[in-house]
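Notes follow once the structure below has been shown.
The values are calculated or read from the model by the stated rules, or taken from the named source; none is laboratory data. None of these values were measured; they are calculated from a predicted model. Cβ atoms come from the backbone with ideal geometry, glycine included; neighbour counts cover every protein chain shown. Side chains included, ligands, DNA and RNA excluded: accessible areas come from the protein's heavy atoms. Shrake-Rupley method; radii C 1.70, N 1.55, O 1.52, S 1.80 Å.
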Amino acid sequence: MTNASPPTITLSNLDHLWFQVAGTTCNLTCQHCFISCSPKNKSFGFLSLEEVERRLNESIKMGVKEYFFTGGEPFLNPQLTAILQLTLQYGPATVLTNGTVLKEEWLEVLRAAEDASLYTLEIRISIDGFSPETNDPIRGEGTFARAMKGVKTFVDFGFLPIITIARTWPDEEEQEIVNRFVEMLKETGYFRPRLKILPTLQIGAEEERTRGYFESERVTREMLNDFDQTQLICEHSRIVTDRGVHVCPILIELPQALLASSLADSNGGFALSEGACFTCYQYGAICSNPSSSSAIREAKPRA
Amino acid sequence: MTATSGKIRIACFGGIYNNYLALQAAIHDAQCRGVDALYCLGDMGAFGPHPNRVFPLLSEHAVQCVQGNYDDSIGNSLDDCQCGYTDPRDNHFAQISYDYTLANTSQVNREFLRSLPGSIRLEVAGKRVLLCHGSPRKTNEFLWESTTSTHFLERLADEYAADVIVVTHTGIKWRRKLSCGRHFVNVGCLGRPENDGQTNVWYAILEFDSSHGCQIEFVPVVYDYRRLAQEMRQQKLPLEFVAAVETGWWTTCLEVLPGKERRAGQY
């Protein structure tokens with residue numbers, strides 16, 4: 001069964017502008033990465049300060065509300081602190097990091113930049129287990145200790161990082177796992193931990209780790225009846241890479257997801273033809289800072 | 001509304017959250033300051049005790065009201081408050097106060113809530129004023145100071161053809177000047193203190209005159225919070241809510257706060 005005519009979503013307002021600021025380069029090689037980032041994956045390149053500045057200026061007339069920076073590992077981009085300093089003059093910024101490549105002098109700069117700004121600088125740190133035994137098989141040997149050191153460094157500099165956790169456990173274990181995370185973070189000295197739990201996306205490395213999407217896992221037109229479309233990232237976001245403007249941070253490798261070279265021209269419709277669109281539909285708001293729903297939205301039966 | 005005698009002043013109240021004691025104090029304060037009209041931006045219920053005590057005050061003092069997400073929910077007996085929380089602990093506490101408020105709001109008052117408009121437009125001294133609950137485009141959108149860029153607000157002012165946009169929903173006051181003498185203001189709320197360790201709450205007075213445009217003043221309201229806390233205990237509302245009233249620090253609904261606003265609080 002194929003999804004012959006998937007529903008199309010057009011951009012209503014460009015609220016969230018994302019930057020693939022470190023391309024696909026990462027110091028880690030996580031088993032569940034949906035774009036298979038690694039030290040050797042150079043398929044997308046770094047964005048320069050000048051390119052980000054050009055896009056920030058372009059974003060003013062679009063009325064962008066918030067900016068997000070992802071990779072790869074953003075802190076591998078040597079211009080990242082300068083980029084965040086600049087962005088905080090335009091609006092709120094969020095950076096998604098693995099927390100393992102920090103230097104204290106960068107955090108001093110970022111603390112001063114946030115203090116001088118009207119806007120918040122949110123730090124999202126990815127950790128996938130509350131212990132080396134649960135985290136390291138997914139993120140790599142020794143990464144739990146290194147990421148927790150990163151959490152402590154951000155906390156010491158007055159940030160309240162959002163610990164971002166991919167859900168790699170059965171639903172019935174969720175509460176217990178969340179409790180263990182909170183306990184572990186408090187023991188480390190992070191006394192009011194913020195958590196965001198994300199569904200995994202069955203593409204990239206995760207497709208090898210578990211499975212890809214079934215053909216039945218697609219969004220259909222009837223599933224959008226009475227559905228709040230603002231829950232879908234492509235309804236209010238775009239992402240800039242070194243190739244141009246793409247529909248969302250998850251599908252950058254898909255040829256049809258590259259929409260235009262300018263933000264203004266990237267508001268056309270996008271067909272929700274991918275399995276990842278199904279996950280986005282099921283959980284909602286998977287890329288924004290507040291936690292997405294833990295309850296799966298039940299897909300209505302297909303015609 | 002036209003400025004026939006110079007200045008026009010309107011008082012704008014944010015969410016009341018059943019805090020009829022703060023509402024009473026705010027109405028009295030605004031009347032003493034000689035305002036021309038009273039408005040409330042919605043969310044009459046939640047959090048506090050005795051929901052029905054809010055409504056006679058609104059009616060007796062001709063407070064014109066916008067419908068908030070809570071009012072839509074209570075008015076239509078929905079399952080939850082539509083506050084827009086995503087964290088399980090936030091939702092747990094929100095549900096306790098929602099179930100209490102729904103069970104204790106009379107049919108007549110539910111009808112009143114159901115009848116309220118989603119926004120109110122005014123023309124005051126040549127300025128186009130838009131009163132709404134969360135944002136002009138979505139009733140339960142949170143517009144926090146630290147996560148709302150100025151050019152986003154400019155876009156809202158353009159799209160909704162407004163010189164002054166007035167909202168509540170977050171519970172923390174802030175304002176920003178926009179281009180062409182336009183303004184955005186979040187008036188905070190009357191329902192609970194704003195997570196600053198103080199027990200007072202806030203409302204805003206907007207003053208218009210044709211030569212100076214719009215001036216915005218935030219007004220602190222001191223009220224009998226000890227009595228409110230006592231009544232909340234008597235109604236067996238969560239002690240976490242009582243603590244927020246008595247200390248001025250939020251103990252619940254924390255996960256929706258952006259980093260900057262969260263850091264300013266104690267929890």
Next on the checklist: Please compare each pair in A:Lys42/A:Lys152; A:Lys186/B:Lys260; A:Lys61/B:Lys138 to a cut-off of 26 Å on the Cα-Cα distance and tell me which ones are over it.
Outcome noted: A:Lys42/A:Lys152
Item to check | region A:122-233 - Rg and Dmax from Cα coordinates, angstrom | outcome: 16.7, 49
Checklist outcome for this item: Taking every other residue with Cβ under 11 Å from the Cβ of A:Val21 and scoring Lys and Arg +1, Asp and Glu -1, one gets -2
Checklist outcome for this item: With all protein chains present and a 1.4 Å probe, the order of A:Ile123, B:Ile96 from largest accessible area down is B:Ile96, A:Ile123
Checklist outcome for this item: Across A:Gly129, A:Gly142, A:Gly150, the residue with the highest GNM fluctuation in chain A (Cα network, 10 Å cutoff) is A:Gly142
Checklist entry - Within straight cross-link reach of A:Lys149, meaning Cα distance under 14 Å, which aspartates and glutamates are found once same-chain residues fewer than 8 apart are removed? => result A:Glu104, A:Glu187
Checklist entry - Where only protein heavy atoms count, and the probe is 1.4 Å, what is the accessible area per residue for chain A in Å²? => result 40 Å²
Next on the checklist: Quick check for me: using +1 on Lys/Arg Cβ and -1 on Asp/Glu Cβ, what's the dipole size of the protein assembly as shown about its Cα centre, in debye to the nearest 20?
Outcome noted: 780 debye
Checklist entry - Which Cα, out of B:Leu228, B:Ile165, B:Asn186, lies furthest along the positive dipole direction of region B:129-265 (beta carbon charges, K/R +1, D/E -1)? => result B:Leu228
Checklist entry - Roughly how many whole Å is it from the C-alpha centroid of region B:1-60 to that of region A:121-141? => result 49 Å
Item to check | Given charges at Cβ of Lys, Arg, Asp, Glu: the protein assembly as shown dipole, positive-most of A:Gly189, A:Met148, A:His16 | outcome: A:His16
Next on the checklist: Through the Karplus equation 6.51 cos²θ - 1.76 cosθ + 1.60, θ set to phi - 60°, convert the phi angles of region A:23-30 into ³J(HN,Hα) values in whole Hz; use x for Gly and Pro.
Outcome noted: x, 10, 8, 9, 6, 10, 10, 5
Item to check | Shielding of B:150-159 by partner chains, average beta-carbon count, 10 Å | outcome: 5
Item to check | Of the GluC sites (Glu not before Pro) in region A:111-211, those whose Cβ has at most 14 other Cβ within 10 Å and which sit in DSSP loop | outcome: A:Glu141
Checklist entry - Do any residues of region B:83-119 lose at least 40 Å² of accessible area when the full set of protein chains is present rather than just their chain alone, and if so which, with a 1.4 Å probe? => result B:Thr86
Checklist entry - Once amide H atoms are built 1.01 Å from N in the peptide plane, which residues 5 or more positions from A:Leu195, or in another chain, come under 5 Å H to H? => result A:Ile163
Checklist outcome for this item: Between A:Thr94 and residues 5 or more places away or on another chain, the pairs with built amide H atoms under 5 Å apart involve A:Tyr67, A:Phe68, A:Phe69, A:Glu122
Checklist entry - Which shape class, rounded, prolate or oblate, goes with region A:1-59 when its Cα gyration tensor gives a ≥ b ≥ c as root eigenvalues, a/c under 1.5 marks rounded, and past that a/b bigger than b/c marks prolate? => result oblate
Item to check | Whole-number percent relative contact order across region B:175-267, with pairs defined as alpha carbons under 8 Å at least 6 apart | outcome: 26 percent
Next on the checklist: Leaving ligands and nucleic acids out of the surface, order B:Phe184, A:Phe130 by accessible area at 1.4 Å, largest first.
Outcome noted: A:Phe130, B:Phe184
Item to check | ³J(HN,Hα) computed for each position of region B:233-243 - Karplus, 6.51 cos²θ - 1.76 cosθ + 1.60, integer Hz, glycine/proline x | outcome: 5, 4, 7, 6, 6, x, 5, 4, 5, 4, 4
Checklist entry - If you place +1 on the Cβ of every Lys and Arg and -1 on the Cβ of every Asp and Glu, how big does the dipole about the Cα centre of chain B come out, in debye to the nearest 20? => result 360 debye
Next on the checklist: Buried accessible area between B and A (1.4 Å probe, both chains summed, ligands and nucleic acids excluded), in Å² to the nearest 100?
Outcome noted: 2200 Å²
Checklist entry - Taking trypsin sites (Lys or Arg not before Pro) that fall in a DSSP loop and have at most 16 other Cβ atoms within 10 Å as cut points, what is the longest piece of chain A between them? => result A:104-210
Checklist entry - Farthest toward the dipole's positive end in chain B, which of B:Asn52, B:His151, B:Trp249, given Cβ charges of +1 (Lys, Arg) and -1 (Asp, Glu) about the Cα centre? => result B:His151
Checklist outcome for this item: Residue-normalised value, i.e. accessible area per residue, for region B:20-146 at 1.4 Å probe, in Å², stands at 39 Å²
Checklist entry - Ordering A:Ile125, A:Ile60 from largest to smallest accessible area (1.4 angstrom probe), what's the sequence? => result A:Ile60, A:Ile125
Item to check | Vicinal HN-Hα couplings computed from phi for region A:278-283 (Karplus, 6.51 cos²θ - 1.76 cosθ + 1.60; Hz; Gly/Pro x) | outcome: 5, 5, 4, 5, 5, 9
Checklist outcome for this item: Sorted by chain and number, the residues with a modelled amide H under 5 Å from that of A:Glu73, at a separation of 5 or more or across chains, are A:Thr25, A:Cys26, A:Asn27
Item to check | Max mean-square fluctuation residue, GNM over chain B, Cα-Cα springs under 10 Å, options B:Phe208, B:Phe152, B:Phe55 | outcome: B:Phe152
Item to check | Peptide-level mean, for A:83-93, of C-beta atoms on other protein chains within 10 Å | outcome: 2
Next on the checklist: I need to check one value: relative contact order of region B:170-227, counting alpha carbon pairs closer than 8 Å and at least 6 residues apart, in percent.
Outcome noted: 25 percent
Item to check | Lys, Arg +1 and Asp, Glu -1 on Cβ, resulting dipole of region A:1-130 about Cα centre, debye, nearest 20 | outcome: 400 debye
Item to check | Anisotropy class of chain B from Cα gyration tensor, a/c 1.5 cut | outcome: prolate
Next on the checklist: Net charge around A:Ala260, counting only other residues with Cβ within less than 13 Å of its Cβ (Lys, Arg = +1; Asp, Glu = -1)?
Outcome noted: +1
Item to check | Accessible surface of region B:60-155 [probe 1.4 Å, protein heavy atoms]: carbon and sulfur percent | outcome: 48 percent
Item to check | Length-normalised contact order for region A:26-73 - Cα pairs under 8 Å, 6+ apart - percent | outcome: 40 percent
Checklist outcome for this item: Ignoring ligands and nucleic acids, B:Tyr225 exposes an accessible area, probe 1.4 Å, in Å² to the nearest 10, of 40 Å²
Checklist entry - How much accessible area does A:Met148 have with a 1.4 Å probe, in Å² rounded to the nearest 10? => result 10 Å²
